[in-house]
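Heads up: the structure comes next, in structure tokens.
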Amino acid sequence: MAVPKRKTSKARRDQRRASSYRLNKVTIQECPNCHEPKLPHRVCKACGYYDGKEIIKVED
Ligand SMILES: [Zn+2]
């Protein structure tokens with residue numbers, strides 16, 4: 001069985017995780033229809049659009 005020769009230092013381990021293991025990813029995107037901030041992969045709360053189609057009716 002292949003075994004690492006050296007222990008990975010805390011600095012090197014944390015450096016590796018810092019790039020891809022981000023816990024607090026940016027979860028706000030702009031609606032392409034009304035340009036309001038919205039969550040990705042969700043129907044826009046402001047205009048009710050998703051994927052270029054009106055999914056839910058939104059009252060003004
Ligand atoms: Zn919208």
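For the stretch 1-32, a residue qualifies if it is over 19 Å from the mean Cα position of the chain (by Cα), outside any loop (DSSP other than H, G, I, E, B) and surrounded by 10 or more Cβ atoms within 10 Å (Cβ to Cβ), and the qualifying residues are Arg12, Arg13, Asp14, Gln15, Arg16. Out of all the residues in the stretch 26-44, which are more than 10 Å from the ligand (Cβ to nearest atom) and among the aliphatic types (A, V, I, L, M)? Matches in the stretch 26-44: Val26, Ile28, Leu39. Just so you know, in the stretch 45-59 the residues that are over 21 Å from the mean Cα position of the chain (by Cα) and part of a strand (DSSP E or B) include one that is nearest to the ligand (Cβ to nearest atom), and it is Glu54. Taking Ala18 as the residue in question, decide whether it is aliphatic (A, V, I, L, M) and within 9 Å of the ligand (Cβ to nearest atom). No; evaluated as a whole, the condition is false for this residue.
Every number in this text was worked out from the coordinates using simple rules, so none of it is lab data. Computed from a predicted model, the values in this text were never measured in an experiment. Reconstructed Cβ throughout: ideal geometry from the backbone, glycine too, with neighbour counts over all protein chains shown.
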